[in-house]
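The next block holds one structure in the form of structure tokens; read it before the comments.
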Amino acid sequence: MHLTEDLPFLILRRTWQPVANSADLPPGRLLGYTLLDTPLLLARFADGRLLAADPACPHKGAKLTAGCIRNGELVCAYHGWRFDAAGACQSIPSLVDAHPDKLALSHLHTYAIQERYGLIWVKLDPAPLADGQPHELPAVPEFEDPNWSYVMGPPTPFAAGWRREVENYLDMTHFAFAHADTLGKAADYRVPPMDIRTLPDGGFQMDAPFPALDTPHEPPGKLQSAHHRRQRCHLPNFTTIRQSFADGDERVLVHIPSPNTRESCTVFWSLAISPGFRGPPPAAQMEFAIKVLDEDRRMCENQVPAEVPINPARGGWGVLVMPGDTLANTFQKQLRRWLLAEAAPQGPAGDGR
């Protein structure tokens, strides 16, 4: 099978993708979001129940994001049609006695939704993956350990494709340049020794030292100092970085670029800090991380094309590949293999027949 540019979006519809920080969707709030070119209405009802649905009212197509939640129901601002937390139409005000069949036909098109790690996640397609199992979120124990400090970053829009952002996050040679004013003040521009291993689930892991230089004229701060990095990529786009410092302190970061369109994504991210961390407090660490991410955003938005081609070809993007690109190349190869496996015709038991 030949990989096409539309295949990643088709496959990613079967996976959980973040669409909002939990804190941005309190009870009674409505949000709009575009996931994989699909517009969504997100709602949290007073009892905590969540709804992800097509935002167009089935009556006249009015955007339900302009409505409100009143008395436990979603109310369309145009004609007052009311829907419950499952998307079922409860009332059509212009009909004194709405026929049950009319109400049933007015059910919203809904999607699977869940809440974990301080994020709201949506899956557009309920179909299982190639192994016959539904997609599950990776386990990150530190994100649910009450002894660790867990802080959420602000969702950050990128005018660049999601694969472009993943490659940036995996890059080990840009610190001294793209992050010259923050993380890279003491960074070595040379390629560090990287131990890259592919894993049974199709993802991969890299272990490497953060390339920090000795700078006696300007000693690096804790977050800029030499440390060990373990980057774990769960396909298609869930990446964690574990930073282990010489004094035993640790941090675990996650980046998930949620695809909006072919050439834009929203980066959802968070940070877990080990107990008794001997360094800046969480608020200061988040301020620093926001600056670093903004530097990455500018780099991604200034690359062409806006998205990394799914099939890099000679004579086009990707010709001048350097040793420092090994991790990004691993991502490309593993992602292509994963997509091809997911796109293969499946038998009744998901056995490929």
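Remarks
- Taking strands (runs of 3 or more DSSP E) as the structural unit, those lying wholly within region 222-282 and holding at least 3 residues that are within 19 Å of Pro146 (Cα to Cα) and either within 14 Å of the chain's Cα centre (by Cα) or of a type in the set (A, V, I, L, M, F, W, C) (or both) correspond to 250-261, 264-273.
- Of residues in region 152-175 being part of a loop (DSSP other than H, G, I, E, B) and modelled with pLDDT under 95, the one nearest to Arg337 (Cα to Cα): Asp171
- Top-ranked residue of region 120-140 - restricted to ones that are at pLDDT 95 or above, surrounded by 14 or more Cβ atoms within 10 Å (Cβ to Cβ) and among the aliphatic types (A, V, I, L, M), ranked as nearest to Trp16 (Cα to Cα): Val122
- Looking across region 217-268, just one residue is out of contact with any Pro (no Cβ under 8 Å at 6 or more places or on another chain) and among the aromatic types (Phe, Trp, Tyr), and that is Phe245.
- Take the conditions (1) under 30 Å from Gly202 (Cβ atoms); (2) of a type in the set (Gly, Ala, Ser); (3) in the same structural domain as Phe45 (by TED's automatic domain parsing); Ala66 misses just one of them, which is (1).
- Selection status of Tyr117, crowded, with 17+ Cβ neighbours inside 10 Å and either outside the structural domain of Pro39 (by TED's automatic domain parsing) or over 18 Å from Ala46 (Cα atoms) (or both): yes
- The residues of region 49-108 that are acidic (Asp, Glu) and either surrounded by 14 or more Cβ atoms within 10 Å (Cβ to Cβ) or closer than 26 Å to Trp16 by Cα (or both), listed by number, are Asp54, Glu73, Asp84.
- Scanning region 25-48 for residues that are under 16 Å from the mean Cα position of the chain (by Cα) and surrounded by fewer than 20 Cβ atoms within 10 Å (Cβ to Cβ) yields a total of 3.
- Checked against (1) crowded, with 20+ Cβ neighbours inside 10 Å; (2) over 27 Å from Phe331 (Cβ atoms), Pro257 passes all but a single condition, namely (2).
- Close pairs from region 256-280: first assigned by TED's automatic domain parsing to the domain that holds Gly153, partner among the basic types (Lys, Arg), Cβ under 6 Å, at least 6 apart: Ile273/Arg251; Gly279/Lys222
The values are calculated or read from the model by the stated rules, or taken from the named source; none is laboratory data. Keep in mind the model is a prediction, meaning the values are calculated, not measured. All Cβ positions, even for glycine, are placed from backbone atoms using ideal geometry, and neighbour counts span all protein chains on display.
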